[in-house]
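Engineer: Supplied in structure tokens, the structure appears directly below.
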Amino acid sequence: MKLWKKGLGSFWLIVLVILLVACNNGDTAKDEPKDTSSEDPATETEEPAEEEEVTIVYARGVDTTGANEKLVAAFEEAHPNINVEFREMPADTGAQHDQYVTTFSAQSSEIDVFDADVIWPAEFAQADYALELDRFIEKDNIDMSAYFPGTVASGKFNGKQWAMPKFTDAGVLYYRSDIVEEPPTTWDELIKQAKELQGKEGTEFGYLMQAAQYEGLVCNAIEFIASYGGQIIDEENNVVANSPETIKAIKKMQEIVGSDFVPDNILNFMETETETAFIEGKSVFARNWPYMQASAADESRSKVAGNVEITTLPKGDAGSASTLGGWMTMINRYSENQQAAWEFVKFMTGPEGQKITAIEGGSAPTLKALYDDEEIKEASPLFANPEFVKVLESAVPRPITPIYPVISDILQIELSKALAGEQTAEEAAKNMQTKIEKAVSE
Ligand code: GLC
């Protein structure tokens, strides 16, 4: 089965530059002296003796793939003295974020390890929620250059590593291979095909995306904006949201969201709604992250197993663009089991753990070498495809800043109003510009 079609434009050059800037920012701190002192009482814990049993609490968002259970089981088998108690968090990254902020700002030690969206580490480091990981990385000789540089940069702040890369994400286009002859390469072609093919093979919709007012909307919008050549914040940290490119992109989103080929309630759609509808066979096309390849291929849940292929997102005037997503793992600064917590982080983000996440969960490894691993390649034609690795490496990052939640909120509000028809694309771009400029200057 060929799950991936070529469709990459010269746009990668532009996004590569963005990525290089992001990586540079992360790397400049490499040579700064590391603070490995243990004067801080919150970080001073004894390593548990070999035989001493400990239980750590691990929190992450809802897992629809079953990978998490296997990951925990494999870890516990390798570490018989460490038990992992699982705490399920909401699927929506924003709702999850807010729960962590409540817990950690109260200096609670109840959660030891947690998965963190790539947009959180800078904020959590600055707010003192996270344990700095350099001392563990050094002691265990973890080679950070084995990871994709962009994923390492997401976990770095003020020259220190606060989060380890667990898996990486980039938006992709899923389509029904039993309906679509040649997948669209531009947004306009997608619109045309979605209209024409809607209704075939029992489908109700032509296209599904994440258009609810939450972080996923920002990710979808960044893809449209970058594909038309726009940006929110440029390489020199200038706010450049109010541009003809961004306006054109928002108009394209309005056209899609307002069309008859998306569900009436598309403005409530997040990843879960997209996944459920798509694997039930209700749509011809869908934008989602790689994890959906696991559920789409799972015959016990999916009505479309064997009839799904994946390709790059459609191009705008400037090419195709994917938002850089992904998840890291972090340790609560107030954890009372820091060494055991680190063992779990090391396992999940090391080759063995990432293999489970890739094969069972469909999510893309952050360790470069795993793309040469035969079992991973066999489990996912997507991961076996060098074109997909290029998409991952050139995906557009969101700004790495402690005030990211503020920027995201502005984008969510302004984009939602535009999609709901409460303001024009021009007004949305103008408001994004002035509000983000104000937030950044404060
Ligand atoms: C995925 C991405 C994450 C992003 C989220 C938005 O989980 O990995 O980075 O913020 O989707 O819904």
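Engineer: Residues in the range 360-379 that are in contact (Cβ under 8 Å) with a residue 40 or more places away in the chain and part of a helix (DSSP H, G or I): how many?
Structural biologist: 4
Engineer: Among the residues of the range 308-345, write down those that are within 16 Å of the ligand (Cβ to nearest atom) and of a type in the set (Phe, Trp, Tyr).
Structural biologist: Selection gives 327 alone.
Engineer: If residue 253 passes every condition in (1) surrounded by fewer than 23 Cβ atoms within 10 Å (Cβ to Cβ); (2) touching a residue at least 40 places away in the same chain (Cβ under 8 Å); (3) of a type outside the set (Phe, Trp, Tyr) but one, which one does it miss?
Structural biologist: For residue 253, the exception is condition (1).
Engineer: Now for a different question. Give the residues of the range 212-256 that are small (Gly, Ala, Ser) and either more than 15 Å from the ligand (Cβ to nearest atom) or part of a loop (DSSP other than H, G, I, E, B) (or both), sorted by residue number.
Structural biologist: 212, 226, 227, 229, 230, 241, 243, 249
Engineer: Still on this structure, please answer the following. Only residues in the range 94-120 that are in the same structural domain as residue 150 (by TED's automatic domain parsing) and over 14 Å from residue 60 (Cβ atoms) count as the first member; pair them with residues that are within 16 Å of the ligand (Cβ to nearest atom) and charged (D, E, K, R), Cβ under 7 angstrom, at least 6 apart or cross-chain, and list the lot.
Structural biologist: 94/215; 119/398
Engineer: Let me ask something else about it. Check 384, 420 and return the single one that is surrounded by fewer than 21 Cβ atoms within 10 Å (Cβ to Cβ), in contact (Cβ under 8 Å) with a residue 24 or more places away in the chain and away from the ligand (no atom under 16 Å from the Cβ).
Structural biologist: Step by step, each of 384, 420 is checked, and only 420 is surrounded by fewer than 21 Cβ atoms within 10 Å (Cβ to Cβ), in contact (Cβ under 8 Å) with a residue 24 or more places away in the chain and away from the ligand (no atom under 16 Å from the Cβ).
Engineer: With respect to residue 348, determine if the residue is within 17 Å of residue 60 (Cβ to Cβ) and within 14 Å of the ligand (Cβ to nearest atom).
Structural biologist: no
Engineer: If you don't mind, there's one more thing I want to ask. Looking at the range 168-186, can you tell me whether even one residue there is surrounded by fewer than 24 Cβ atoms within 10 Å (Cβ to Cβ) and either in a helix (DSSP H, G or I) or at positive phi (or both)?
Structural biologist: no
Engineer: Residue 150: surrounded by 21 or more Cβ atoms within 10 Å (Cβ to Cβ) and either under 22 Å from residue 352 (Cβ atoms) or in the same structural domain as residue 403 (by TED's automatic domain parsing) (or both), yes or no?
Structural biologist: no
Residue-by-condition table, conditions (1) modelled with pLDDT under 95; (2) in a helix (DSSP H, G or I); (3) crowded, with 17+ Cβ neighbours inside 10 Å; (4) under 22 Å from the mean Cα position of the chain (by Cα):
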| residue | (1), (2), (3), (4) |
| --- | --- |
| 264 | no, no, no, no |
| 275 | no, yes, yes, yes |
| 285 | no, no, yes, yes |
| 290 | no, no, yes, yes |
| 296 | no, yes, yes, yes |
| 304 | no, no, yes, no |
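Engineer: Looking at (1) touching a His at 6+ places or on another chain (Cβ under 9 Å); (2) surrounded by fewer than 23 Cβ atoms within 10 Å (Cβ to Cβ), which is the one condition that is false for residue 333?
Structural biologist: With (1) touching a His at 6+ places or on another chain (Cβ under 9 Å); (2) surrounded by fewer than 23 Cβ atoms within 10 Å (Cβ to Cβ) applied to residue 333, the lone miss is (1).
Engineer: Considering only the range 90-124, state which residues are within 16 Å of the ligand (Cβ to nearest atom), in a loop (DSSP other than H, G, I, E, B) and buried (at least 19 other Cβ atoms within 10 Å of the Cβ).
Structural biologist: 118, 119, 120
Engineer: If I ask for residues that are touching a Lys or Arg at 6+ places or on another chain (Cβ under 9 Å) and of a type in the set (A, V, I, L, M), which ones from the range 148-165 would you list?
Structural biologist: 163, 164
Engineer: Within the range 165-208, can you find the residues that are polar (S, T, N, Q) and more than 21 Å from the chain's Cα centre (by Cα)?
Structural biologist: 177, 185, 186, 193, 198, 203
Engineer: Here are the criteria: (1) away from the ligand (no atom under 14 Å from the Cβ); (2) in contact (Cβ under 8 Å) with a residue 12 or more places away in the chain; (3) closer than 30 Å to residue 276 by Cα. Tell me which single one residue 161 does not satisfy.
Structural biologist: Just one mismatch for residue 161, condition (3).
Engineer: Report yes if residue 206 is touching a residue at least 40 places away in the same chain (Cβ under 8 Å), crowded, with 19+ Cβ neighbours inside 10 Å and at positive phi, otherwise no. First the steps, then the outcome.
Structural biologist: On the way: touching a residue at least 40 places away in the same chain (Cβ under 8 Å): yes; crowded, with 19+ Cβ neighbours inside 10 Å: yes; at positive phi: no.
So residue 206 fails the test.
The values are calculated or read from the model by the stated rules, or taken from the named source; none is laboratory data. If you're wondering where the values come from, they're calculated on a predicted model, not measured in any experiment. Please note: Cβ atoms are built from the backbone with ideal geometry, for glycine as well, and neighbour counts cover all protein chains shown.
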